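What follows is a set of notes on a single structure, which appears directly below.
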Amino acid sequence: MTLSIRTKKTETPKKRPPDSELSFGKYFTDHMLSVDWSVEQAWHDARLQPYEALALDPAACVLHYGQAMFEGLKAYRQPNGGVALFRPDAHARRMQQGAARLCMPALEEADFVALVREFVKLEDSWIPSSPGTALYLRPTIIATEAFLGVRPSNHYLFFVIASPVGSYYGGDSLKPVRIWVERDHVRAARGGLGATKAGANYAASLLAAVNAKKAGYDQVLWMDAKEHAFVEEVGTMNLFVVIGDKLITPALSDSILSGVTRDSIIKLAPEFGVQVEERAISTAELFEASEKGTLREVFGSGTAAVVSPVAELAFGDRKLEIGGGKPGELALGLYDRISKIQRGLGPDTFGWLSPV
Ligand code: COI
């Protein structure tokens with residue numbers, strides 16, 4: 001690591017909640033990792049410090065122009081009591097790509113991984129061990145310069161907080177979710193920020209998500225911004241459909257996030273005897289497959305949700321029911337395979353686990 005790191009431990013440690021009480025993103029650990037960036041000094045002053053509120057100038061660029069982005073990765077307790085991160089290098093690279101689009105600096109991959117590793121070591125006692133749990137890490141970069149003109153900031157803060165988590169939707173993580181297909185609002189257009197984890201993408205998603213919740217749905221499925229004919233991404237997940245013996249997912253573009261779990265699924269799918277296609281999927285194709293009886297499964301994937309089966313897609317009054325409300329065989333198989341790799345219980349064929 002090219003950065004030296006100083007540590008100040010908390011004097012008021014919190015009590016860790018029992019694994020049975022964990023949902024998603026509700027509890028935070030005792031410490032955080034912070035690193036400053038300035039034009040003059042680049043990345044400097046890496047520190048592990050007590051978890052605390054940020055002091056920001058009210059003119060800080062992030063508060064006005066939204067120059068902010070985040071990552072999400074997980075650390076898992078291993079059978080020998082150790083800890084491993086799942087694909088931290090892939091998260092570091094995705095953060096670099098997103099930062100470039102947002103005119104922000106990003107850490108070198110090796111520094112990102114080494115700093116996150118030090119942080120996880122410090123928070124070892126917070127890492128849950130029950131099946132379905134993990135320590136979720138949230139690296140974030142924000143523009144901190146106090147300045148009211150629209151241009152990239154000259155100062156940034158990179159910080160990482162950590163949250164012991166259970167299932168993203170609460171309860172059984174394999175309980176199929178019901179999804180509202182959004183045809184009015186748009187998450188991301190070609191040429192926009194959709195491929196980045198910019199906070200702005202999530203802000204753009206909220207109104208449709210609130211409306212979907214009111215109508216009794218768990219998540220929103222976004223359509224392409226131009227024709228509203230092709231499915232792109234689910235609220236916080238990439239989308240997969242199984243038609244016949246093919247596993248199909250929308251091809252990556254600048255309006256679709258390049259999910260690390262998405263990539264893992266594509267690499268593991270051949271083990272399940274399915275052929276993977278990365279291409280456009282129209283709603284017309286989904287309806288046609290459903291009518292022919294070949295639409296076998298729909299599921300989402302993401303770091304937070306892992307693999308999440310879908311029971312229903314609602315296109316207004318027109319509903320597509322999938323799998324009779326039960327999780328599909330491939331979704332279950334992939335969830336089990338990925339979870340076992342993450343927990344050190346299955347062959348890590350691609351070398352995705354990074355011991356802490
Ligand atoms: C993740 O899956 O890590 C995400 O970032 C989704 C989220 C916004 C909770």
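The values are calculated or read from the model by the stated rules, or taken from the named source; none is laboratory data. Note that the structure is predicted; figures quoted are calculated from it, not measured. Positions of Cβ are backbone-derived with ideal geometry, glycine not excepted, and every protein chain shown enters the neighbour counts.
Quick notes on this structure:
- Hits in the range 187-215 (condition: more than 16 Å from the ligand (Cβ to nearest atom), assigned to a loop (DSSP other than H, G, I, E, B) and either in the same structural domain as residue 28 (by TED's automatic domain parsing) or on the phi < 0 side of the Ramachandran plot (or both)): 189, 190, 192, 215
- Check on residue 152, surrounded by fewer than 19 Cβ atoms within 10 Å (Cβ to Cβ) and out of contact with any Asp or Glu (no Cβ under 7 Å at 6 or more places or on another chain): yes
- Residue 90 fulfils the conditions (1) within 16 Å of the ligand (Cβ to nearest atom); (2) out of contact with any helix residue (DSSP H, G or I) (no Cβ under 7 Å at 6 or more places or on another chain) except for a single criterion, (2).
- Verdict on residue 14 being loosely packed, with under 13 Cβ neighbours inside 10 Å, assigned by TED's automatic domain parsing to the domain that holds residue 127, within 27 Å of the chain's Cα centre (by Cα) and modelled with pLDDT of 95 or more: yes
- Of 224, 218, 184, all but one fail to be among the acidic types (Asp, Glu), touching a Lys or Arg at 6+ places or on another chain (Cβ under 7 Å) and either within 24 Å of residue 320 (Cβ to Cβ) or within 15 Å of the ligand (Cβ to nearest atom) (or both); the exception is 218.
- Per this entry, residue 156 is counted among residues that are in the same structural domain as residue 100 (by TED's automatic domain parsing) and in contact with a strand residue (DSSP E or B) (Cβ under 8 Å, 6 or more places away or on another chain).
- Residue check: residue 67 meets all listed conditions (1) in contact with a Ser or Thr (Cβ under 7 Å, 6 or more places away or on another chain); (2) farther than 30 Å from residue 149 by Cα; (3) at pLDDT 95 or above but one, namely (2).
- Matching residues in the range 38-85 - criterion: being over 19 Å from residue 99 (Cβ atoms), surrounded by 15 or more Cβ atoms within 10 Å (Cβ to Cβ) and among the polar types (S, T, N, Q): 49, 78
- When the range 259-309 is filtered for residues that are more than 12 Å from residue 335 (Cβ to Cβ), within 16 Å of the ligand (Cβ to nearest atom) and either among the hydrophobic types (A, V, I, L, M, F, W, C) or not assigned by TED's automatic domain parsing to the domain that holds residue 225 (or both), the ones remaining, listed by number, are 260, 304.
- Qualifying residue in the range 334-344 (condition: farther than 19 Å from residue 262 by Cα and either in contact with a His (Cβ under 7 Å, 6 or more places away or on another chain) or modelled with pLDDT of 95 or more (or both)): yes
- Taken together, the residues in the range 288-325 that are among the aromatic types (Phe, Trp, Tyr) and modelled with pLDDT of 95 or more amount to 1.
- Count of residues meeting criterion [crowded, with 22+ Cβ neighbours inside 10 Å and farther than 16 Å from residue 66 by Cβ] in the range 137-149: 2
- Residues that are within 13 Å of the ligand (Cβ to nearest atom) and at pLDDT 95 or above, drawn from the range 163-181: 163, 165
- Filter pass, residue 55 being among the hydrophobic types (A, V, I, L, M, F, W, C), under 21 Å from residue 73 (Cα atoms) and out of contact with any Pro (no Cβ under 6 Å at 6 or more places or on another chain): no
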